[in-house]
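Structure first, commentary second.
The values are calculated or read from the model by the stated rules, or taken from the named source; none is laboratory data. Only a predicted model underlies this, so the values are computations on that prediction, with no experimental measurement involved. Cβ: placed from backbone, ideal geometry, glycine included. Neighbour counts: every protein chain shown.
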Amino acid sequence: MANHASSKKRVRRNARRVEINGARRGRIRSFIKKVEECVEASDSKAASEALTAVQQELYRGVAKGIWHKNTAARKLSRLSAKVKAL
C-alpha cells in the first residue's frame, strides 16, 4: 500500500463500504429466504406478498450497486416461477 493520505483514506472507506454492502446483501438474502419458506409451506398469498417485497429490495440493491441488474432479474424470475407454480 502506498503511504499517502489519499490511499489511507481509500482503505478506510473501502472497509466501511464492505460493511455496508454486506449488510444490504444480507438483508436482500433474508427477503429471498422468506419467499422460499412461503413456497415450501405452500402459502401462495404470503409468497406473493413476500415476492413484491423482494422485488423492491432487489431493485434497490441494483440501484446501490450491490448486484448487477441481470443477476437481480434472474433471481426475481426464478422466484416468480416458484410462486406461480403454487
Of the residues Ile66, Ile28, only one is modelled with pLDDT of 95 or more, surrounded by 12 or more Cβ atoms within 10 Å (Cβ to Cβ) and among the β-branched types (Val, Ile, Thr); which?
Ile28
Among residues belonging to the range 32-47 that are within 14 Å of Arg78 (Cα to Cα) and of a type in the set (A, V, I, L, M, F, W, C), point out the one that is nearest to the chain's Cα centre (by Cα).
Ile32
Check Lys45, Lys9, Lys33 and return the single one that is of a type outside the set (Gly, Ala, Ser), surrounded by 10 or more Cβ atoms within 10 Å (Cβ to Cβ) and farther than 17 Å from Thr71 by Cα.
Lys9
